[in-house]
1. Collect the residues in segment 1-44 that are under 14 Å from Thr110 (Cα atoms), open to solvent by 30 Å² or more (accessible area, probe 1.4 Å) and either touching a strand residue (DSSP E or B) at 6+ places or on another chain (Cβ under 9 Å) or small (Gly, Ala, Ser) (or both), keeping them in residue-number order.
2. Please verify whether segment 156-164 includes one or more residues that are in contact with a Gly (Cβ under 6 Å, 6 or more places away or on another chain), of a type outside the set (Ser, Thr, Tyr) and either at pLDDT below 95 or closer than 21 Å to Pro195 by Cα (or both).
3. Scan the helices (runs of 4 or more DSSP H) fully inside segment 1-67 and keep the ones with 3 or more residues being closer than 17 Å to Val117 by Cβ.
4. Looking at this structure, is Thr55 of a type in the set (Val, Ile, Thr), in contact (Cβ under 8 Å) with a residue 12 or more places away in the chain and open to solvent by 60 Å² or more (accessible area, probe 1.4 Å)?
5. With the condition kept exactly as written, say whether any residue in segment 64-72 is under 25 Å from Arg153 (Cα atoms), modelled with pLDDT under 75 and either surrounded by 13 or more Cβ atoms within 10 Å (Cβ to Cβ) or of a type outside the set (D, E, K, R) (or both).
Amino acid sequence: MTDVRGALREALLGEQPRTVDRGRMPVVERELARVVATGVPGAVVEFGCFRGGMTAWMRAVLEVQGSSDRVIHTYDALQGRPATAAHDGDLPATEASTARTADVRGLHDTWGLPQPVIHEGGFHRTLPDDLPERIAFGYVDADRYASTLACLRACVPRLSPGAVLVIDDYADASCPAGPTSPGVLRACEEFFGAPTPVAVAATDAGWALGVYRHLDRTAPFH
């Protein structure tokens with residue numbers, strides 16, 4: 001298949017700058033390529049897809065890595081961001097982030113990319129029953145404390161050894177700007193314990209990412 005990453009990157013930066021950017025895409029590509037290269041078994045999952053920008057980017061990376069048979073499952077209510085709770089700080093309760101499954105499918109068709117499996121609905125309905133049995137890579141863009149915690153509880157027990165989760169909006173004390181979505185950090189601390197095993201992948205004020213690499217563990221998380 002033709003490598004569309006360069007053109008796709010530039011198109012996404014213009015069309016979906018809130019969900020993909022020059023910082024997030026290289027981290028996702030690096031970690032996803034590492035999973036493929038080391039032969040970690042399982043599917044690719046995404047929690048929070050908006051209009052499918054990161055979904056398409058991951059698909060393009062998989063195609064270049066010769067991993068066309070690896071399925072991407074994406075989960076989203078497609079009704080905007082969920083309401084905030086106490087742990088989410090001063091984030092606005094809702095944002096104009098609604099989308100349609102047709103947006104996601106249309107983007108993949110435009111770029112000649114295989115379609116993901118779209119699980120539309122709130123996480124309380126789609127997780128964990130609709131998750132693949134084994135997961136090799138996950139991108140968590142759940143925005144809020146409750147939704148991030150739900151993703152971790154459902155996803156981490158199904159991670160293969162060597163699997164990777166990239167967690168959007170994750171920042172801890174090492175980030176000078178502080179967390180833009182404090183509920184994400186709180187959810188990780190509650191699930192993994194503090195300090196978390198999530199490594200900060202970026203400390204830019206405009207965006208932040210955390211990377212969790214899964215190993216076999218004798219004690220379960222919460």
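1. Result: Ala7, single match.
2. There is no residue in segment 156-164 that is in contact with a Gly (Cβ under 6 Å, 6 or more places away or on another chain), of a type outside the set (Ser, Thr, Tyr) and either at pLDDT below 95 or closer than 21 Å to Pro195 by Cα (or both).
3. 53-64
4. So Thr55 does not fit the description; no.
5. Taking every residue of segment 64-72 in turn, none turns out to be under 25 Å from Arg153 (Cα atoms), modelled with pLDDT under 75 and either surrounded by 13 or more Cβ atoms within 10 Å (Cβ to Cβ) or of a type outside the set (D, E, K, R) (or both).
The values are calculated or read from the model by the stated rules, or taken from the named source; none is laboratory data. On a predicted model such as this, the values are computed, not experimentally measured, just so you know. Neighbour counts are summed over all protein chains in view; Cβ atoms, including those assigned to glycine, are modelled from backbone coordinates with ideal geometry. What goes into the accessible areas is simple: the full protein's heavy atoms, side chains included, and nothing from ligands, DNA or RNA. Shrake-Rupley method; radii C 1.70, N 1.55, O 1.52, S 1.80 Å.
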